[in-house]
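The values are calculated or read from the model by the stated rules, or taken from the named source; none is laboratory data. This structure is a prediction, so every number in the text was calculated from the model and none was measured. Note that we place each Cβ from the backbone using ideal geometry, even for glycine, and neighbour counts take in every protein chain shown. For the accessible areas, the whole protein counts, side chains as well, though only heavy atoms, and no ligand, DNA or RNA atoms are used. Shrake-Rupley method; radii C 1.70, N 1.55, O 1.52, S 1.80 Å.
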Amino acid sequence: MNSVALKISRAHLIRFASPWTNFCTKRFNSSSVNSRQAFLEPLECQAGITCLSLNRPQSKNAISTTLLKELIQCLDTAQFDKSIRVLILRSSTTGSFCAGADLIERRSMSQVQVARFLSDLRVALGKLETLPMPTIAAIDGPALGGGLELGLACDLRIAGRNVTKIGLPETALGIIPGAGGTQRATRLVGPARAKDLIFTARMLSATEALEWGLVDYISSPESDAFERAVQLASQIRNNAPLALRAAKQAISRSEDLALEPGLDFERASYETLLSTQDRMEALVAFKEKRRPVFKGE
Amino acid sequence: MKKAEADPLAQAYLHKVNSHPGVYCIALNRPKSKNAISVQLLKDLRAALNQAISEKLLNVLIFYSSTPGAFCSGADLIERKSMTDAQVREFLSNIREIFNFIDDLPFPTIAAIDGPALGGGLELALTCDFRIAASDVTKMSFPEVRLGIIPGAGGTQRAPRLIGMSKAKELIFTGRNLTARDAQDLGLVDYVAGSSSTAFERALELAKEMSSSAPLALRAAKSAMSRSLDTPLITALNHERTCYESLLDTKDRLEALVAFREKRRPVFVGE
């Protein structure tokens, strides 16, 4: 499609698309135009929401060394981009999320290369987990092994209703989840279910994953995980950006701290907000009975 | 049924429930602001709590609103606007200390939520062992992030411990409102009162089920359980043993064995 035709059809859609979010979720900037295997793209109609798109359609976004490298670049950029209030991790193409490590590539890798890959992947997921802004994984296709581990490193997970392959199948491949799955799954769903998932290597449907608490929402029948993720993100992105970051920090650390030190940490996180303009704006807005306008300052 | 024993003008006060031996209540009493937490309310709450721990016959404590259709609408934002940063810090320090105090109370505590529980109000409910909401409650939330702050009275720590990390993040990041049923589904609330009952009435029922247990045993059980999730299993099991041992010499334990043999209800004296 040339750019003029694209502009015209976009205008057409702006006028006639309803609801508004349907336009938002059309994947215009996707794979055909972009040769990168992972890239950041802000949502046009919802300021503050940015997508981190995985873009290896031919392999259902299996994690190759290139994808991993580009993922890390995106994460490093996102870390310092103050305009991102919520990040959605998703596939650039429909019907996918991330099918796990690229096993075809893996066959030709030496042990040293595999060790290096795992180390880099662990670092990448650590970066993802500690991004300062809330993150949502939009799982519209198979999320297996490293792919599910990617989702587990996000704050929240949404699965498309028709997704049937969510799991950690590593033990069926003679290995174990190597990118945090044994730790993050256990923290999320408890030891019994994590053991069930990993020992059996089975695949959960979206509904089962929801019941287990592995995902937080599934999309409605006429919609997909990405659209549901945008909806959730829009409930978050209107809130004070610095407060969101402080809240994430305090909550995320709560698991690793006993209550007293956790409360100390909460206190320290709150402290960073006392001198912000946004806090004052909120109090003024409350008195004037209007919505606050946050600037992230 | 209820009899106010303390100054009814106080913004929070302790009283017995005469019809339910062993059951006491702390009433939140700022009707005009749906019991928003002011500097004064914190002071009165602290005094009420100090009274509570010196009541030997107190088995169960219920937190509720003195006026119907309310619980606690969070920190008083009108008062907050005129506070200096230093005063805000002091407020936060006080509220955290008081809420920790409630969390550490040796006897079971129940929050009876008959109206909005927002921000600090919801955090208050989280410090209790149990939460009961009336079926018509429609406003439970953590709105702090919508106000440029974060839950500052333990919400970021107690919510994940209660309902899990993901759900806690969702509630705190979105600031969204929950109805009583939503809250129950999430595990934020333990019971929803029937449509013809208030949360306070349902709380009295629950309290009654507990207040007939041996008082010292209740306290030992709570002590054994409260921090158990924060400590490694071995340490927690040792603590359980210590708690049990503290009951071996009690009159109430022997009374219970005698009563069992005599096929009658035990009469506990809390010794």
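For every residue, the table says whether it meets (1) open to solvent by 30 Å² or more (accessible area, probe 1.4 Å); (2) touching a strand residue (DSSP E or B) at 6+ places or on another chain (Cβ under 9 Å); (3) modelled with pLDDT of 95 or more.
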position: A:62; (1), (2), (3): no, yes, yes
position: A:72; (1), (2), (3): yes, yes, yes
position: A:77; (1), (2), (3): yes, yes, yes
position: A:82; (1), (2), (3): yes, no, no
position: A:88; (1), (2), (3): no, yes, yes
position: A:91; (1), (2), (3): no, yes, yes
position: A:94; (1), (2), (3): yes, no, no
position: A:103; (1), (2), (3): yes, no, no
position: A:106; (1), (2), (3): yes, no, no
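Taking segment A:274-290 as the range and being surrounded by 11 or more Cβ atoms within 10 Å (Cβ to Cβ), of a type outside the set (A, V, I, L, M, F, W, C) and not in a helix (DSSP H, G or I) as the test, only A:276 passes. Identification of strands (runs of 3 or more DSSP E) wholly contained in segment B:1-100 with 2 or more residues that are closer than 15 Å to residue B:121 by Cα and touching a helix residue (DSSP H, G or I) at 6+ places or on another chain (Cβ under 8 Å) yields B:23-28, B:60-65. Taken residue by residue, segment B:176-196 has at least one member that is surrounded by fewer than 24 Cβ atoms within 10 Å (Cβ to Cβ), closer than 16 Å to residue A:247 by Cβ and either at pLDDT 95 or above or of a type in the set (Lys, Arg) (or both). Against the numbered list (1) at pLDDT 95 or above; (2) more than 21 Å from residue A:149 (Cβ to Cβ), residue A:68 comes up short only at (2). For residue A:45, the conditions (1) over 18 Å from residue A:145 (Cα atoms); (2) crowded, with 23+ Cβ neighbours inside 10 Å; (3) more than 16 Å from the chain's Cα centre (by Cα) are fulfilled apart from (2).
Would you confirm whether any residue within segment A:221-229 is among the aliphatic types (A, V, I, L, M), open to solvent by less than 10 Å² (accessible area, probe 1.4 Å) and either more than 7 Å from chain B (Cβ to nearest Cβ) or outside any loop (DSSP other than H, G, I, E, B) (or both)? Before the answer, list the steps.
Going through segment A:221-229, the residues among the aliphatic types (A, V, I, L, M) turn out to be A:225, A:229.
Now narrow it down to the ones that are open to solvent by less than 10 Å² (accessible area, probe 1.4 Å): A:225, A:229.
Narrowing the set further to residues that are either more than 7 Å from chain B (Cβ to nearest Cβ) or outside any loop (DSSP other than H, G, I, E, B) (or both) leaves A:225, A:229.
Yes, that holds for at least one residue.
The set of residues from segment B:110-121 being within 16 Å of residue B:45 (Cα to Cα) and within 14 Å of chain A (Cβ to nearest Cβ) comprises just one member, B:120. Between B:152, B:121, the distinction of being closer than 27 Å to residue A:245 by Cα, touching a residue at least 24 places away in the same chain (Cβ under 8 Å) and under 12 Å from the mean Cα position of the chain (by Cα) belongs to B:121 only.
Output the number of residues of segment A:45-66 satisfying the condition of being in a strand (DSSP E or B) and hydrophobic (A, V, I, L, M, F, W, C). Break it down stepwise before answering.
Quick first cut of segment A:45-66, residues in a strand (DSSP E or B) only: A:49-54, A:63.
Checking which are hydrophobic (A, V, I, L, M, F, W, C) leaves us with A:49, A:51-52, A:54, A:63.
Counting residues in segment A:45-66 that are in a strand (DSSP E or B) and hydrophobic (A, V, I, L, M, F, W, C) gives 5.
Here B:222, B:208 are screened, and the one residue that is away from every other protein chain (no Cβ under 11 Å), open to solvent by less than 30 Å² (accessible area, probe 1.4 Å) and in contact (Cβ under 8 Å) with a residue 24 or more places away in the chain is B:222. A count restricted to segment B:138-162 and to residues that are more than 10 Å from every other protein chain (Cβ to nearest Cβ), over 15 Å from residue A:239 (Cβ atoms) and surrounded by fewer than 24 Cβ atoms within 10 Å (Cβ to Cβ) stands at 3. Among residues of segment B:246-264 that are under 15 Å from residue B:213 (Cβ atoms), those with a Cβ under 7 angstrom from a residue that is of a type in the set (Lys, Arg) and surrounded by 11 or more Cβ atoms within 10 Å (Cβ to Cβ), sequence gap 6+ or separate chain, pair up as B:247/B:253. Taking segment A:120-212 and the helices (runs of 4 or more DSSP H) fully enclosed by it, the elements with 2 or more residues that are without any contact (Cβ under 8 Å) to a residue 24 or more places away in the chain and open to solvent by less than 60 Å² (accessible area, probe 1.4 Å) are at A:181-189, A:191-200. Restricting attention to segment A:263-273, which residues are within 9 Å of another protein chain (Cβ to nearest Cβ) and part of a helix (DSSP H, G or I)? Those that are within 9 Å of another protein chain (Cβ to nearest Cβ) and part of a helix (DSSP H, G or I): A:263, A:265, A:266, A:267, A:269, A:270, A:271. Tell me, please, whether a residue that is more than 20 Å from residue B:163 (Cβ to Cβ), of a type in the set (S, T, N, Q), open to solvent by 50 Å² or more (accessible area, probe 1.4 Å) and in a helix (DSSP H, G or I) can be found in segment A:232-253. No, segment A:232-253 has no match at all.
If the requirement is being in contact (Cβ under 8 Å) with a residue 24 or more places away in the chain and either on the phi > 0 side of the Ramachandran plot or not hydroxyl-bearing (Ser, Thr, Tyr) (or both), which of these qualifies: A:226, A:265, A:286? Let's see the steps before the verdict.
Details: A:265 fails: in contact (Cβ under 8 Å) with a residue 24 or more places away in the chain; A:286 fails: in contact (Cβ under 8 Å) with a residue 24 or more places away in the chain.
It is A:226.
Looking at A:173, A:168, A:103, A:118, which is the one that is of a type outside the set (Ser, Thr, Tyr) and either within 30 Å of residue B:174 (Cβ to Cβ) or in contact with a Phe, Trp or Tyr (Cβ under 7 Å, 6 or more places away or on another chain) (or both)?
Result: A:168 is the single residue among A:173, A:168, A:103, A:118 that is of a type outside the set (Ser, Thr, Tyr) and either within 30 Å of residue B:174 (Cβ to Cβ) or in contact with a Phe, Trp or Tyr (Cβ under 7 Å, 6 or more places away or on another chain) (or both).
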